[in-house]
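One structure below.
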Amino acid sequence: MPEVTNAAITLTAYDWVPNFARGQVRDLRARWALEELGVDYSVRYLAQGDQKSDRHRTQQPFGQVPTYEEGNLTLFESGAMLLHIADNYPGLYPDEPHGRAMATQWLIAALNSVEPAILDYVHSTVFERKQAWAQERLPLILERMTERLGALSDALGEMAWLAGSFSVADIMMVTVLRPVSQTVEFQAFDNLAAYVARGEARPAFQAALAAQLDGFTGEPPARS
Ligand SMILES: N[C@@H](CCC(=O)N[C@@H](CS)C(=O)NCC(=O)O)C(=O)O
């Protein structure tokens, strides 16, 4: 198991999140990449709320997880972590420069062209669901999300992975898609449903998911 104590790489993660977020917190992305490579990492667990401390903000200006520490390097942004890992440990980028550029492109597309539409849906159906306007806004959000998923489905076509061989682009895209992968709208795209299932079937994904779930040993924040 790559999650050990005193490894050269340390991630931050939460020691508690609500059930709906378990298995979705973005430290999963870095864990998955490291599991694929068999690279050891440690985790510093934060209680809910501690991510907003001054100390944590020196590492993550937005007061979020994950962070990634390795020697004197500290990174925030899961995308930067995946690119750094792929650059420094062979195995998650295609071998030739063209393939690497394609993988980088698709990782950024996951974050910049696909994730915003998915987050809109998650915000509307989870965090903002009790707002009077949430139901009224939903059709528009679904339309935008479906348009993005349709375009991704067309681009993926019959390919197994986005940049030829399995790469960091797939770690990012699969984790970006997972929050909506059980919706009717998503399941209508057979190749996307199969793509996410293919990613989730990888032993390294399963190990990363289990490690994240094992880390939720804390208590919910006290109600004020
Ligand atoms: N763009 C950041 C987003 C990080 C993020 O949204 N983290 C969430 C957990 S998955 C978080 O800490 N949310 C709590 C908060 O924003 O206070 C990344 O990809 O690393």
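The values are calculated or read from the model by the stated rules, or taken from the named source; none is laboratory data. Owing to the predicted nature of the structure, the values given are computational and were not obtained by experimental measurement. Every residue, glycine as well, gets a Cβ built from its backbone with ideal geometry; the counts of neighbours run over all protein chains shown. Only protein heavy atoms, including side chains, enter the accessible area calculation; ligands, DNA and RNA are left aside. Shrake-Rupley method; radii C 1.70, N 1.55, O 1.52, S 1.80 Å.
Observations
- A194 paired with D40, simple spin-label distance in nm, labels 7 Å along Cα-to-beta-carbon: 4.1 nm
- At R0 = 22 Å, FRET efficiency that the Cβ-Cβ distance of Q206 and T74 yields, to 0.05: 0.20
- Counting only protein heavy atoms and a 1.4 Å probe, the chain has 50 square angstrom of accessible area per residue.
- Distant-in-sequence amide H partners of R44 (H built 1.01 Å from N, under 5 Å): L11, T12, A13
- Backbone HN-Hα couplings from phi across the stretch 4-12 [Karplus 6.51/-1.76/1.60, Hz, Gly and Pro as x]: 9, 8, 6, 7, 6, 10, 10, 9, 9
- Distance from the stretch 5-37 to the stretch 150-205 (C-alpha centre basis), Å: 20 Å
- Fully extended contour minus Cα-Cα distance, from E185 to R129, at 0.36 nm per residue: 18.3 nm
- Extreme residue, positive dipole direction of the stretch 110-223, given options A201, G150, L138 (C-beta unit charges): L138
- Potential extension, R55-D15 segment - 0.36 nm per residue separation minus Cα distance: 12.7 nm
- The distance between label points at D95 and S165 comes to 0.7 nm (points 7 Å beyond Cα on the Cα→Cβ vector).
- DSSP H segments from the chain that extend 20 Å or more along their own axis, Cα-based, with Kyte-Doolittle mean of -1.0 or above: 134-156
- Assigned charges on the beta-carbon of Lys, Arg, Asp, Glu; the stretch 122-223 dipole about Cα centre (debye): 300 debye
- Summing Cβ point charges (Lys, Arg +1; Asp, Glu -1) relative to the Cα centre of the chain gives a dipole of roughly 620 debye.
- Only Cα pairs under 8 Å and 6+ residues apart enter the sum, and on that basis the relative contact order of the chain stands at 28 percent.
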